[in-house]
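Worksheet: one structure, shown below.
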Amino acid sequence: MASTDPVPAEPDTESPASAATPTIAAGAVSVVVGVLVLVWPDVSIVVLAWLFGVQLIVAGVLQLVAACWRNNGATARVLLGLAGAFSILVGLLCLRGPLQTAVLLGLLVGATWVVTGIIGIVHAFGSGHGHSRGWGIASGLLTAIGGAIVLMYPGASIVVLTWLLGLVLLVTGLVVLVQGLATLRTGRRHMAQT
């Protein structure tokens with residue numbers, strides 16, 4: 001006679017550290033690049049393009065890794081993958097060579113931040129309540145608002161633009177870092193309870 005017990009669900013094999021590591025790393029990279037930009041505001045546009053290019057590529061790669069590792073459903077994984085691919089594309093454009101004007105750099109970075117911020121907000125709303133949803137929404141909002149400001153004032157002096165970009169990177173990086181640490185803590189607490 002067949003058992004009437006339901007088939008047990010497969011346990012979630014993702015460790016808290018593996019789920020939080022890409023988020024923590026992306027936050028740390030954003031903080032480091034933000035501090036570097038704030039310490040040297042008179043940096044040339046070539047160095048600025050390289051710094052942001054590297055930050056965007058690293059963040060994009062980590063978003064792609066997170067899209068593969070996380071088990072938040074197909075929609076969340078696709079959104080993370082799109083954000084990662086877009087960040088890598090814009091980062092490569094920054095590394096390709098010195099950009100012709102600060103306005104073009106501002107437009108590229110501003111557009112990237114608006115798109116990835118919106119995707120971050122949508123992803124945060126799509127994740128469960130126990131997955132640091134508030135920090136994800138805050139990070140997405142800060143990123144999108146910073147990008148919108150850069151898009152509204154692309155002709156601002158390079159020093160002002162540099163300070164704005166550095167501050168947005170620093171604050172957003174700190175928020176993403178706290179989000180990753182909160183995810184890690186929640187995951188460890190969940191693992192201890194089971």
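The values are calculated or read from the model by the stated rules, or taken from the named source; none is laboratory data. Note that the structure is a prediction, hence the values are computed from the model and not measured. Every residue, glycine as well, gets a Cβ built from its backbone with ideal geometry; the counts of neighbours run over all protein chains shown. Quick note on the areas: whole protein, heavy atoms, side chains included, nothing else; ligands and nucleic acids left out. Shrake-Rupley method; radii C 1.70, N 1.55, O 1.52, S 1.80 Å.
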For this session: For the range 38-84, name all the residues that are open to solvent by 30 Å² or more (accessible area, probe 1.4 Å) and touching a His at 6+ places or on another chain (Cβ under 8 Å).
Result: 72, 79
Exercise. Out of the residues in the range 109-132 that are modelled with pLDDT of 85 or more and either open to solvent by 60 Å² or more (accessible area, probe 1.4 Å) or not in a helix (DSSP H, G or I) (or both), which is farthest from residue 51 (Cα to Cα)?
Worked result: 125
Problem set entry | Among (1) of a type in the set (A, V, I, L, M); (2) open to solvent by 30 Å² or more (accessible area, probe 1.4 Å); (3) modelled with pLDDT of 90 or more, the one test that residue 35 misses | (3)
